[in-house]
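Read-outs: derived from the displayed coordinates by stated rules, not from any lab. Note that the coordinates shown come from a computational prediction; the quantities given were computed from them, not determined experimentally. Here the Cβ positions follow ideal geometry from the backbone for every residue, glycine too, while neighbour counts run over all protein chains shown.
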Amino acid sequence: MYIKNNIQRAINIAMSEAKVKTHIVLPEDLLDEIRKEVGAKKRSDFLAEAAREKLKRLRLDKVLDKAAGLWTDERYPEFKTEEDVRSQIRAFRKRAGQRLKTKLHATKLPS
């Protein structure tokens, strides 16, 4: 069973990283810059990573667009000014530090 599970895991990883050839048109100067930075043999990996990063940013933009307007002074008056925000952060850090100290004191270290 152990070997079967490991083989299945390896197949899943290989399938998730399967590559497909495609045709992409890029400006010549951009392609030259990519070649200089990563070399001709690493272009595909570089472009795949760049595309993943861009997709993450696009998804984040969508989430931020949906959330726009949810954070208002009326709903959260404790964060109305920059100093209010700093004060809340200081208070949060203080509480977090106190919780950490309590946990550390409760944890017995090996002798």
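Values computed for the structure shown
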quantity	calculated
Test: residue in region 40-56 that is in a helix (DSSP H, G or I) and over 22 Å from Glu17 (Cβ atoms)	no
Residue within region 93-110 that is among the hydroxyl-bearing types (Ser, Thr, Tyr) and in a helix (DSSP H, G or I) present	yes
Index of the failed condition, Gly69 passing every other in (1) without any contact (Cβ under 8 Å) to a residue 12 or more places away in the chain; (2) in a helix (DSSP H, G or I)	(2)
